[in-house]
Amino acid sequence: MSTGSGADSAPAPTSTHESKTGGTFSSLKIRNYRLFATGAVISNTGTWMSRITQDWLVLSLTGSAAAVGITTALQFLPMLLFGLYGGVIADRLPKRRLLLISQAALGMCGLALAALTLSGVVQVWHVYLIAFLLGMVTVVDNPARQSFVSEMVGPAQLRNAVSLNSANFQSARLIGPAVAGVLITTVGSGWAFLLNGLSFAAPLVGLLMMRTSELHPSVTVKRAKGQLREGLRYVSGRPELVWPIVLVGFVGTFGFNFPIFLTAFADDIFHGGAGMYSFFNILMAAGSLAGALLAARRRSSRLRMLVGAGTVFGVLEIAASLSPSVWLFSLLLVPIGMIGLTTNISANTSVQMAADPEMRGRVMSLYMMVFAGGTPVGAPIVGWISDTYGARTGMAVGGAISMLAALGVGFALTRVGGLRIKVDLRPGRPHVRFVPREQLATAA
């Protein structure tokens, strides 16, 4: 989409960007990605403000952790039902044009919820409806945004840009909950929703200011029958795609239900208020930001990192569920955020790097459908467990399932790759790693 002669008349990209692959922030040297990242941090801050406010509003209206789970489920239900179709659309149409439409629609949803809340007529079904509409827009926005990253930075910087996207999101998560807590307790929830709706002007301006001649456009796929089945067959024949998606499916469905866990712990276990809930989210965001920045420094994402991070994430979540004091619980939220983000980034980059460009939209839609679309299944279950048996049990169940899923995927990968686990306790060597079976036989 043309944005004027000034934007589209710049010289074509050279190999300079491709050669500058080192450094934590190397992809920010690319102008189009800088514009994208700047707009994203503003809208992400608004999104986190809205998420915290939405969860607390639902809890205030209903007094039920299960109702918070239903809200979360409705927001992610469209991804479960229609996520793969969103990937087909993202592969067929220019992704920048799709993002202009989807980001504007997300802003309108935020403004609608603000109007309902500020006018004093908001009811829980209003929140449910807007959560579902947000999910419908996200069906297209997510795969388009995920795969558009490679168009902005090219393959050499893709890994770094994906990690910085997560760092961007987690930086906003540090700011958004704090601002939301202040707004809820001072002027009310409606103003947080209003600021969220207005924040989407930033990514729209960034997309319009991009130099389209400096993009690395992927091949758009012409409309044809069977493209959805083609994407599923493509993924099913590649273990390097299947198993990371399986793992994030279990972790996303049961382990990442933090709106339920943290509201329940803040309200029922430690008897705090909206300020404590915001504080919990800030601590998790701090850990997640550290995890994202560490991931940006890594040159590669190995599957053993994914398996190890998923296992540790589950163990930490179980430990947090048993915490007797608010301070120990708060302390554990930092490494939970760090390791959880490491799990997500490792899976995301592994899948993106393994997928062919013309299939990336469909592959990423499947990834997001499994990761986020499992929430409509997991959130009500975890919410019901938390209401019936207590918040500690709900969080422990989420951690246990995540841990067992990681161990199961690790076992499956060793079988598929003909590998075995080798333990080496000598100083300076990796203590646990996957090695080929014949290498173990030779060493023996």
For region 18-93, max minus min Cα coordinate along each principal axis, in Å, sorted largest first? 54, 29, 19
For Trp125, Trp56, the accessible-area ranking with a 1.4 Å probe, largest leading, is Trp125, Trp56
What accessible area per residue comes out for region 240-390, rounded to a whole number of Å², with a 1.4 Å probe? 33
Quick calc of log₁₀ I(q)/I(0), region 17-175, Debye, one scatterer on every Cα, no solvent, q values 0.11, 0.14 1/Å, result -0.51, -0.78
Out of every Cα pair in region 122-228, what percent are spaced more than 24 Å from each other? 44
Taking region 86-135 on its own, what percent of its Cα-Cα pair distances exceed 12 Å? 68
Kirkwood hydrodynamic radius over Cα pairs of region 323-373, then Stokes diffusion coefficient at 4 °C and 1.567 mPa s, in µm²/s: 101
With N residues in region 198-287, Rg(alpha-carbon) / (2.2 N^0.38 Å) equals 1.74
When the Cα centres of region 227-282 and region 338-366 are compared, how far apart do they sit, in Å? 15
Output the direction-averaged projected area (hull surface divided by four) of the convex hull of the alpha-carbon atoms of region 121-180, in nm². 5.6
Output the peptides 250-258, 152-160 sorted from most to least packed, where packing is the average of other Cβ atoms within 10 Å over each peptide's residues. 250-258, 152-160
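The values are calculated or read from the model by the stated rules, or taken from the named source; none is laboratory data. None of these values were measured; they are calculated from a predicted model. Methodologically, a virtual Cβ is constructed for each residue, glycine included, from the backbone with ideal geometry; neighbour enumeration extends over all protein chains shown. Side chains included, ligands, DNA and RNA excluded: accessible areas come from the protein's heavy atoms. Shrake-Rupley method; radii C 1.70, N 1.55, O 1.52, S 1.80 Å.
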